[in-house]
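Since the structure comes first, as C-alpha cells, the remarks are kept for the end.
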Amino acid sequence: MSLPQQLRDESDFDQLPDNIPVTATIADIEEKKGFIVYYRFVIEVKTKGNSKYLIYRRYRQFFALHQSLELKYSAETQPGYYTCQLPNLPGKVFMGNKKEIAESRIPELNNYMKRLLCLPTWVLLDDLIRMFFYQTESDSQQVPRALRRLRPPTRRVKTVKPKTDLFSAPRAEGTVRDKTGIFPESFVNIIKPLPESDSDEEGGASKSGNHAQSSYSCLRCYLLQPEGIDTRDICVEEDLSIQPSYEDLLSRMRDVFQVEDIALNYRDPEGDLIRILDDEDVTLMVQESKQTGSKVKRPVNQFPWELLVTHDKDLSVYNNEY
C-alpha cells in the first residue's frame, strides 16, 4: 500500500489503529433531489489496515470540517505547539450550474483530502477527521452506480427490445371518424388507468409497487407581497417525515420565487406570523404543525407545515402588539 510521504517518515505511524484513513479519492458525483437539488461526492476511502469503502459527502460537509479544523489547529486562532498548516479548501460558489460547479471541484477536493491526510498523526487521530471519513450506516446502505473514475468504460451492447403485445400493455379506447378502436399508451394521455386484475397482483404487479415509484411529497408555500399573494405547490422527493434544514428551505424559496432578499415564516396556533432564523426554528415549526395538523384537512402527500415567504426588510407582517 502506498502511503503519503509524511506518514512513511513518522516512526509512530505503526502505532496508529488500522481504521485510520490514509487516502481518499472522489470516484463520482451524484445528483440528489430534495428540497433543493444538490450534488454529493462519492469518495473511496482506504485505511491503514488496507480496507476500502465508499462515503458520500456534500461540499457543505467539507466546508464545515475545514472551519472546525481552522478553529482548532490554525496558528492564527490557536497559537501554540499543537498547530499546523492546513490545506486550502476551494471556496463557496453562489452562482452557476450546480453540476458544473461540482465537477470543477473534484480535482481541488482530491488535492485537499490528499494534503489533509498527510498532516501529522496527532491530527489524523482527531475525531473531526475520523468521523468525516468514517463510513456511516447511511453510507453503507447506498447502492453505487458504475463509478466512472474507478472502473474502466465498457462497450455498450445493443439490446433488442421484445415486441409489446398491444392487448397486454396499458391502452385506451377511442373513436375517430365514427370508428372505435384501441390506442397504444404512447398515443394517448391516460387520465385514469384501467383497473388491475387479480392475475396482475398474483404475478407481482401489485398496487403497492406502483405507489412505491411515486414518492413525491407536496410543500405549499406563499409569497406575501403588497400586490397580493403568490401561492405555489412544490413537489420534492422527500418523505413527509423529513425535516429539511433552514439553509435548504431558504435556497429553494429563492429559486422558486426568484427573489434574493427573503425571510421564511410560519403561522403559530394563534395565527401570528413567526420568522424562521435557523434549524431550531424549523424544528419548532414542524412540532407545532403536528399539534394543529389534525384540524386542517390536507392531501395525504402534503406536508403538514407550510412556508410563508416575505421580503427580508418587511416587518409590517408581524403582530407587534403587546
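The values are calculated or read from the model by the stated rules, or taken from the named source; none is laboratory data. Since the structure is predicted, the reported quantities are computational estimates derived from the model, not experimental observations. Reconstructed Cβ throughout: ideal geometry from the backbone, glycine too, with neighbour counts over all protein chains shown. SASA here: full protein model, heavy atoms, side chains in, ligands and nucleic acids out. Shrake-Rupley method; radii C 1.70, N 1.55, O 1.52, S 1.80 Å.
Scanning the range 49-69 for residues being within 13 Å of Gln135 (Cβ to Cβ) and either in contact with a strand residue (DSSP E or B) (Cβ under 7 Å, 6 or more places away or on another chain) or surrounded by 15 or more Cβ atoms within 10 Å (Cβ to Cβ) (or both) gives a total of 6. Of the set (1) assigned to a loop (DSSP other than H, G, I, E, B); (2) open to solvent by 30 Å² or more (accessible area, probe 1.4 Å), all apply to Lys46 but (1). Within the option set Asp248, Asp278, Asp261, being open to solvent by 80 Å² or more (accessible area, probe 1.4 Å) and either closer than 18 Å to Cys218 by Cα or at pLDDT 90 or above (or both) holds for one residue only, Asp261. Any residue at all in the range 218-240 that's of a type in the set (A, V, I, L, M, F, W, C), exposed (fewer than 11 other Cβ atoms within 10 Å of the Cβ) and in a strand (DSSP E or B)? Yes, that holds for at least one residue.
When you go through Gly34, Gly49 one by one, which is the residue that is more than 28 Å from the chain's Cα centre (by Cα) and not acidic (Asp, Glu)? Quick ask: steps written out before the conclusion?
Values: Gly34 fails: more than 28 Å from the chain's Cα centre (by Cα).
From the options Gly34, Gly49, the qualifying one is Gly49.
Sub-7 Å Cβ pairs linking a first residue in the range 104-125 that is over 17 Å from Phe13 (Cβ atoms) and open to solvent by less than 10 Å² (accessible area, probe 1.4 Å) to a second residue that is of a type in the set (Val, Ile, Thr) and not in a helix (DSSP H, G or I), at least 6 apart or interchain, are Ile106/Ile26; Leu109/Ile26, ordered by first then second residue. For Leu86, the conditions (1) within 23 Å of Asp139 (Cα to Cα); (2) open to solvent by less than 40 Å² (accessible area, probe 1.4 Å) all hold with the exception of (1). Taking the conditions (1) farther than 23 Å from Lys32 by Cα; (2) in a loop (DSSP other than H, G, I, E, B); (3) open to solvent by less than 80 Å² (accessible area, probe 1.4 Å) in turn, Lys297 satisfies each one other than (3).
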